[in-house]
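Please read the structure below before turning to the comments.
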Amino acid sequence: MCAAESGPAAPMRRIAMLGGTFDPVHHGHLRSAVELCEMLSLDQVHMIPSQLPPHREAPGVAATDRLAMLAAGIDDTPGLRADDRELHRSGPSYSVDTLASLREEFGERTRLVMALGVDAFLKLAEWHEPERLFELSHLVVIARPGHAALPGDALKALIKGREVESSESLFATPAGRLLHLRLPSSMDISATELRRRLQAGLSVRYLLPSAVETYIQSSGLYR
Ligand code: ATP
C-alpha cells in the first residue's frame, strides 16, 4: 500500500487497475505503477495482463508467460499486484468486464481508477462500452514521451464534463471523472521496441527488471 494514511480515519479505499498486454512488462510500466500509487495515495495497483486484447493482434507470447514475467517483475514491490483475473475469462478481454469484477470485489464506495497511457487513451472511444467505463471507474491518463494528448471528436464527446485537475476532485466520487497525470520519471520504453531488440539479439539490460530478462532468456521467448 502506498497510502500515507491508514486506520479508522483513513479516506475511502483507493484501487487502480493498469491493464495491458505486458508483452513483456518493462520499467515504463512498473515505475509508472509505483509513482501512480504514490501520487494518488492508492491502496493497491492491480496490474492485469489481458488474455486476448480486443484492439490489437493476439500477442505471440502466452498469457501465462506474460503473467509470470509480470509477477517476476513486481516481485515484492509494495502496493503492486499481478492480477490474473482476465486469464480466467474466455473471449476478448474487455476492460469493462474487468472493472465490473473489481467493483464487485471492492464494493460501491471504493474509489476505482482505470489508469492508462495516453496512447491507449486516444483510442478509448473505440473500446467496448466506453460510457460504462466511467460508470464503473475514474480514468487516469499517464503522459508518455512522444505521445501528444490530442483527442478526436468521439473521444472529446466521451470525456466532456469529466475532466478534473486534482486527485481530491477525482476521489470526491467513486467513479466518473478523468485526470491527466505527468509522473516524475516518465520513460520512453515500449514493449514493441523491446521485442525488436530481443529479436535482433540486442541488449535490453536496464529497460526491464533482471528477473524478467532471465525469464525471457531461459524460456527462449522473443527470438
Ligand atoms: P506495445 O509497444 O506492445 O504496444 P506497451 O509498451 O505500450 O506495448 P502495453 O502492455 O500495451 O505496453 O501497455 C499497458 C499500459 O501501460 C497502456 O495503458 C500503456 O499506455 C501504458 N504504458 C506502456 N508503456 C508505458 C510507459 N513507458 N510509460 C507510461 N505508460 C506506459
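Please treat every number below as a calculation from the coordinates, not as lab data. Keep in mind that what you see is a predicted model, and the values were worked out from it rather than measured. Cβ atoms come from the backbone with ideal geometry, glycine included; neighbour counts cover every protein chain shown.
Structure notes:
- Filter result for Ser185 (under 26 Å from Pro54 (Cβ atoms), touching a helix residue (DSSP H, G or I) at 6+ places or on another chain (Cβ under 6 Å) and polar (S, T, N, Q)): no
- Residue count, region 181-194 (criterion: touching a residue at least 60 places away in the same chain (Cβ under 8 Å) and within 7 Å of the ligand (Cβ to nearest atom)): 5
- Number of the condition not met by Leu136 [criteria: (1) crowded, with 19+ Cβ neighbours inside 10 Å; (2) of a type in the set (A, V, I, L, M, F, W, C); (3) within 15 Å of the ligand (Cβ to nearest atom)]: (3)
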